[in-house]
Each structure stands twice: as C-alpha cells, then as structure tokens.
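Quick note: the coordinates plus some simple rules give every number you see, no bench work behind them. The structure displayed is predicted, hence computed values, not measured ones. As a convention, Cβ positions derive from the backbone with ideal geometry for all residues, glycine included, and neighbour counts pool all protein chains shown.
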Amino acid sequence: MSLDFNSLFRDDTLDSACPECNSSISFKLSDIGSVIVCPNCKVEIKLNADDGFNESIDSLDSSLSDLENILAKLDK
Ligand SMILES: [Zn+2]
C-alpha cells in the first residue's frame, strides 16, 4: 500500500457555504482546483487551490513517504 495525500484524504468531505445563496455545500478534497455547482442556486464555484495548499500537500506527501519507509523497515 502506498501512503500519499490522495489515497488517504481525497474522499474526505468538506463543508462550506455558497457565496451566492449561503446554503451549505459539501465537496471532496479531490474537488479542490476544479469547479463545483451549488445544488441550490446552481452557481458555479471555483475551488482554487492556492500555492500554500499545494505546498502543504507536497510536504505532507514527503512526510508520508518517510513514514512509509520507516514502516517498511519495521515490517522486516
Ligand atoms: Zn448557491
């Protein structure tokens, strides 16, 4: 098994509020960077992944791969 951000968290659901109608919207982490549509008012909402977010994922991924290496050694 491989530890990385996508395999661990991509199906996690986040809740937010529509900027137009303020109704609650849930989206998945894997939707970040794409456009979702509000189920209530149908407005398109762009989920921007800013540089900080991408850097966080990169550093998390490298931490996870370090952890994976440690676990692999313990396995032997
Ligand atoms: Zn809306």
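Points worth noting:
- Normalised size of the range 26-76, defined as Cα radius of gyration per 2.2 N^0.38 Å with N residues, equals 1.73.
- Under Karplus coefficients 6.51, -1.76 and 1.60, residue-wise ³J(HN,Hα) of the range 16-25 in Hz, glycine/proline x: 9, 10, 5, x, 8, 10, 6, 7, 6, 10
- Compared with the dominant Cα axis of the chain, that is its longest principal axis, helix 51-75 is turned about 30°.
- If you plug the beta carbon distance of K76 and T13 into 1/(1 + (r/R0)^6) with R0 = 25 Å, you get a FRET efficiency near 0.10.
- Volume of the Cα convex hull of the range 1-60, divided per residue and given in Å³: 78
- Less than 5 angstrom separates the built amide H of I25 from those of S16, A17, C18, all sequence-distant by 5 or more or on a different chain.
- Environment charge at K46 (Cβ cut-off 14 Å; Lys +1, Arg +1, Asp -1, Glu -1): -4
- Mean residue ellipticity (222 nm) of the chain, computed from DSSP H runs ≥ 4 via -39,500 (n - 2.57), nearest 500: -13000 deg cm²/dmol
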